[in-house]
1. Somewhere in the stretch 105-118, is a residue within 18 Å of the chain's Cα centre (by Cα), assigned to a helix (DSSP H, G or I) and crowded, with 24+ Cβ neighbours inside 10 Å?
2. Taking the condition modelled with pLDDT under 90 and either part of a helix (DSSP H, G or I) or within 30 Å of residue 275 (Cα to Cα) (or both), does residue 149 pass?
3. Mind checking which pairs have a first residue in the stretch 324-351 that is without any contact (Cβ under 8 Å) to a residue 24 or more places away in the chain and surrounded by fewer than 24 Cβ atoms within 10 Å (Cβ to Cβ) and a second that is assigned to a helix (DSSP H, G or I) and not β-branched (Val, Ile, Thr), Cβ under 7 Å, 6 or more apart or different chains?
4. Check 239, 267, 273 and return the single one that is at pLDDT below 85 and either of a type outside the set (Asp, Glu) or part of a helix (DSSP H, G or I) (or both).
5. So which of 217, 185 ends up being at pLDDT 85 or above and either among the aliphatic types (A, V, I, L, M) or outside the structural domain of residue 33 (by TED's automatic domain parsing) (or both)?
6. Before we move on, is residue 92 modelled with pLDDT under 85, in contact with a Gly (Cβ under 8 Å, 6 or more places away or on another chain) and outside the structural domain of residue 356 (by TED's automatic domain parsing)?
7. Checking residue 85 against (1) surrounded by fewer than 21 Cβ atoms within 10 Å (Cβ to Cβ); (2) modelled with pLDDT of 80 or more, which single condition isn't satisfied?
Amino acid sequence: MSTTTTTSSEASATPTLRSPLVSWLAVISVMMGIFAIVTTEILPIGLLTSIGSSFTISDGMAGLMMTMPGFLAAISAPVVTVATARIDRRAMLGAFILLLALANFLAAAASSYWMILISRVMVGITIGGFWSIGAGLAGRLVPAEQVGRATSVIFSAVPLGSVLGVPLGTFIGDIAGWRTTFLVMGVFTVAVFVMLLLVVPALPAVQATRLNVLSGMFRNINTRFALVLTFLVVLAHFGTYTYVTPFLEQVTHVSSGLITVYLLIYGVAGIVGNFLGGSAVTRYPRATFAAAAAMIAFVTLLLPVLGRWDLGAVALLIVWGIAYGAVPVCSQTWFAKANPDSPEASSVVFTASFQATFSIGALTGGIVIDHTSPSTVMTLGGCAAVLMVFVAWFHHARKISFPESP
């Protein structure tokens, strides 16, 4: 199945002769851009209750801050990729990062909760556009033999956002208020924009992904399995993790200062999970993905019981961090293996499905927590993760294989 239309010579797709230092600085700048995006997207998790109290809204209503970006990202990923397919990719990365900076500054100055939600819409557009373009740029920034390592560096931004971004943002929010957190994030994003301009080379469009290519991917059985597996595990994770702060406050009775430490521990475990999952998923995509979901099910089902004590909560958060650290790379790898001849289209479908489920999970968890309790949210999330494991087993039972890479 042909997936792209060539718009310039294949030679332009390869990285030009640049010093290794500058090439890797370009990779790092893309990684820092994704780090800024991931951190901004999940920042409200640690600030949920403080922002909610500022505008006198419930935890479930505050959870819309997590829901809005995901829905917009799911829409913008295919739309932006198709609409800007012939525009220089560096220019698009810079435009999206500037939009992210503006979103952070708007949140810092918001006088009403609706302004916060508008800023989250801007975050969602940035996620869909920047991620779909940036996730597959390694091959144009470094030589072919270094692409695998460069891709790992770019994807390391996901757990780093949890390790450094969210705990640090929560810490700043505790000391100087949640508005200061968004202000600092906006300044950091501007710095990333400057770095992108300085070290990323011009990246003229080489291939244009069409809408019929994206729609055609859904006829692939492995793509359909990837969508179901991603939906269930992301629903389980974000339907619960979005409300981990209320759980720690109301069930574990952790102070606001210690919550930062707990989130930091979770994030460090996420880095470990990212590298463990990344090293295993290429050879064992099904088993690695299922193992991550099983660990999330184990944690969320046991949290209402063992999470009443500090030691139990910390131990389960470590397991949770390791498990979720592997989820994005497992999902991305499954989509890529399902469509080895369509790398950009695979990235777009991965981004759209992941972000849409991110929003559905946060929204569902918000509805549940407003009508029940944080413990009920954890239990329902665990059930979704268990169902994902059964779907992965069904893929194995049917002896479905992945196509050969070109």
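The values are calculated or read from the model by the stated rules, or taken from the named source; none is laboratory data. A quick note: this is a predicted structure, and the numbers were derived from the prediction, not measured. Neighbour counts run over all protein chains shown; Cβ positions are idealised from the backbone, glycine included.
1. Within the stretch 105-118, the subset within 18 Å of the chain's Cα centre (by Cα) is none.
The answer is no, given that none of the residues of the stretch 105-118 is within 18 Å of the chain's Cα centre (by Cα), assigned to a helix (DSSP H, G or I) and crowded, with 24+ Cβ neighbours inside 10 Å.
2. Details: modelled with pLDDT under 90: yes; either part of a helix (DSSP H, G or I) or within 30 Å of residue 275 (Cα to Cα) (or both): yes.
Against the criterion (modelled with pLDDT under 90 and either part of a helix (DSSP H, G or I) or within 30 Å of residue 275 (Cα to Cα) (or both)), residue 149 qualifies.
3. Going by the 7 Å Cβ cut-off, the qualifying pairs are 336/343; 336/346.
4. 267
5. On the way: 217 fails: at pLDDT 85 or above.
Within the list 217, 185, the selection yields 185.
6. On the way: modelled with pLDDT under 85: no; in contact with a Gly (Cβ under 8 Å, 6 or more places away or on another chain): yes; outside the structural domain of residue 356 (by TED's automatic domain parsing): yes.
So residue 92 fails the test.
7. Residue 85 satisfies every listed condition except (2).
So that you can scan it fast, the table gives a plain yes or no per residue for (1) touching a helix residue (DSSP H, G or I) at 6+ places or on another chain (Cβ under 7 Å); (2) buried (at least 19 other Cβ atoms within 10 Å of the Cβ); (3) at negative phi:
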{"site": "192", "(1), (2), (3)": "yes, yes, yes"}
{"site": "195", "(1), (2), (3)": "yes, no, yes"}
{"site": "223", "(1), (2), (3)": "yes, yes, yes"}
{"site": "233", "(1), (2), (3)": "yes, yes, yes"}
{"site": "251", "(1), (2), (3)": "yes, no, yes"}
{"site": "260", "(1), (2), (3)": "yes, yes, yes"}
{"site": "263", "(1), (2), (3)": "yes, yes, yes"}
{"site": "284", "(1), (2), (3)": "no, no, yes"}
